[in-house]
Structure formats: C-alpha cells, structure tokens
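Q: Structure below; questions to follow.
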C-alpha cells in the first residue's frame, strides 16, 4: 500500500493538471501545506520508527487529514458518489484519493503503538484552526464595512471602494470570478479563475449560501465573462499595486488555457508566450499538413 500511495498521489496530480481537473492551483501557503503534509503521509511507513521524526510526521499527517477532509467537502460527497457511476473511465475515480488517504491516516493513528500518538495527530488536525479563525475575523471586517452601506449601494463600485478595508480577505473576495475560485463548477465561477484559497471557501460555507459580499454582480454566473471584467475593474481600484491576472491557469487542457484568452493584454510575458505556443500546437493539430 505505501508504494500504491505514491502512484495514487502522482496520478491524481497528473490527472488534475492535464486531464480531469478537480482543483485549481492552491495559493502559496496552501501549496506548502499540501506538499509538506502529503509528503509526511507518504513517508510515514518508511520513517515511523525513527525517534523524533515519527512524532513530527504524525503531527503533519493530522494536518494532512484536515486537508483531505476539506478536499472531499469541496468536491461534495454527493458528487463523489455520482463519480462511482463513471468508474469505467477510471480517471474520475482519482477524485476519491483524498478520501482514501484520510481513511488510511485514521487507521494508522488508531494502530500506532507510539505513546500519545492520538494526541499528536489531533493537534495536527486542529493546527490550521487558528489560521481559519484569523481569516474569519478579516471576513467579518469586510462584512461589517459593507453592512454600513444602504442596501441599494452594496453592489456599487464607487460606494464599496470607499468603505472596504484593504485586508487579506477583501483581496480574496474582490478577486472572485477572475483570480480566485470558490466553486468546483466553473460555470458558476467566472472566467476560469485559477487560484484556490481554502480560507475563503470555508468562510463562505459557514454562511449557508450568504454569498460573497464583494461580488458586484450577484447573478455573475449568468454572464461570467462580462461579470469578470466588472469585478476585475473593482479589484484594481481596491488593490492597484497587485496584478489583476494570476500568472497561471487552472490546468493545461485547452479549456484551462482559455483563461489566457480573457483580457490577453493582462497576461505576463511568460503567460503570453505560453498562449502563443498553445495556439501553434492547436494550429498543427487542426492543420497537420501545414496547408
């Protein structure tokens, strides 16, 4: 099983990046948490008897369990069950990898003979809670500022720019539709926003569909491209020193790369070069004789 886990982790990453996307690119802090905690999970069978290191890996495996639970909730348990109907395609089943890893982590700590193993694992499970509480406070600062406005002004750019605090959560919320995504279904999520921040999604989930307070168009999913234009202009007014467009795409499929086609003059030089190469590849595929 330890070797199979390496295969599953690699296959899930490859499929998500190049074939059947389940998640967009994690923001930097989330990428580090994902990489380090997954590494601890994969290395546990080989280092669980190393004094000192085993407790560190156990703690990080607790963090990994939390990450896996979040991934399963983001995809949606009902969606995961429906994926079983497509088992003949094989690749969609890779969305079950977080569930498989989470169950294994629980089984490992249950069977561990290390003194205090469950306590150390539990501390790892709760390690991200203070960060989430900090994000919740920043979210409430934004909510409170918006609530001060009359109802009819709460979706007007000029009014919002004057009251919204320039904090971490405001940047994430204002970047919806074009930079940060909040839904596993991109039809409701804008112009393929490529960055994923779990802190934002958990804050949104806790409000039972209350919606993003900094979304200018409350029915943005109906017109994702034009809504993204409006949202990007609002974002730029709030955070003029930050790039409007993320220098990455959701994945390397044609649909993911279509993000670079949206407002291409906002692409970085590197992203624009990738777009040109992609167009050349598509041209060769559609015109293999060069006619």
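The values are calculated or read from the model by the stated rules, or taken from the named source; none is laboratory data. For clarity, every value in this text was computed on a predicted model and none was experimentally measured. With ideal geometry, Cβ positions are generated from the backbone for all residues, glycine too; neighbour counts draw on all protein chains shown.
Q: Evaluate the following for residue 201: is it buried (at least 19 other Cβ atoms within 10 Å of the Cβ), under 18 Å from the mean Cα position of the chain (by Cα) and modelled with pLDDT under 90?
A: Values: buried (at least 19 other Cβ atoms within 10 Å of the Cβ): yes; under 18 Å from the mean Cα position of the chain (by Cα): yes; modelled with pLDDT under 90: no.
No; evaluated as a whole, the condition is false for this residue.
Q: For residue 136, which of the numbered conditions (1) in contact with a helix residue (DSSP H, G or I) (Cβ under 7 Å, 6 or more places away or on another chain); (2) at pLDDT 85 or above; (3) closer than 25 Å to residue 2 by Cα fails to hold?
A: With respect to (1) in contact with a helix residue (DSSP H, G or I) (Cβ under 7 Å, 6 or more places away or on another chain); (2) at pLDDT 85 or above; (3) closer than 25 Å to residue 2 by Cα, residue 136 is out only on (3).
Q: Pick out the one residue from 59, 23, 41 that is outside any helix (DSSP H, G or I) and either within 16 Å of residue 127 (Cβ to Cβ) or touching a strand residue (DSSP E or B) at 6+ places or on another chain (Cβ under 7 Å) (or both). Walk me through it before giving the result.
A: Working: 59 fails: outside any helix (DSSP H, G or I); 41 fails: outside any helix (DSSP H, G or I).
Unique residue meeting the criteria: 23.
Q: Any idea which of 196, 236 is surrounded by 19 or more Cβ atoms within 10 Å (Cβ to Cβ) and at pLDDT 80 or above? Don't jump to the end; show me each part of the working.
A: Details: 236 fails: surrounded by 19 or more Cβ atoms within 10 Å (Cβ to Cβ).
Every option except 196 fails the conditions.
Q: Please count how many residues of region 44-56 are free of Cβ contacts under 8 Å to residues at least 60 places away in the same chain, in contact with a helix residue (DSSP H, G or I) (Cβ under 9 Å, 6 or more places away or on another chain) and either crowded, with 18+ Cβ neighbours inside 10 Å or not in a helix (DSSP H, G or I) (or both).
A: First, the residues of region 44-56 that are free of Cβ contacts under 8 Å to residues at least 60 places away in the same chain: 45-47, 49-53, 56.
In the following step, the residues that additionally are in contact with a helix residue (DSSP H, G or I) (Cβ under 9 Å, 6 or more places away or on another chain) were identified as 45-47, 50, 53, 56.
Add one more test, that the residue is either crowded, with 18+ Cβ neighbours inside 10 Å or not in a helix (DSSP H, G or I) (or both), and what stays is 50.
So the count comes out to 1.
Q: Looking at region 140-163, can you tell me whether even one residue there is over 25 Å from the mean Cα position of the chain (by Cα) and within 25 Å of residue 69 (Cα to Cα)?
A: The answer is no; no qualifying residue exists.
Q: So which of 121, 178, 101 is within 30 Å of residue 264 (Cα to Cα) and touching a helix residue (DSSP H, G or I) at 6+ places or on another chain (Cβ under 9 Å)? If you could, list the steps in order and put the result at the bottom.
A: Numbers: 121 fails: within 30 Å of residue 264 (Cα to Cα); 101 fails: within 30 Å of residue 264 (Cα to Cα).
Every option except 178 fails the conditions.
Q: Taking the criterion of being under 29 Å from residue 40 (Cα atoms) and out of contact with any strand residue (DSSP E or B) (no Cβ under 6 Å at 6 or more places or on another chain), would at least one residue in region 146-162 satisfy it?
A: If we filter region 146-162 for residues that are under 29 Å from residue 40 (Cα atoms), which is where we start, we get none.
Scanning region 146-162 turns up no residue that is under 29 Å from residue 40 (Cα atoms) and out of contact with any strand residue (DSSP E or B) (no Cβ under 6 Å at 6 or more places or on another chain).
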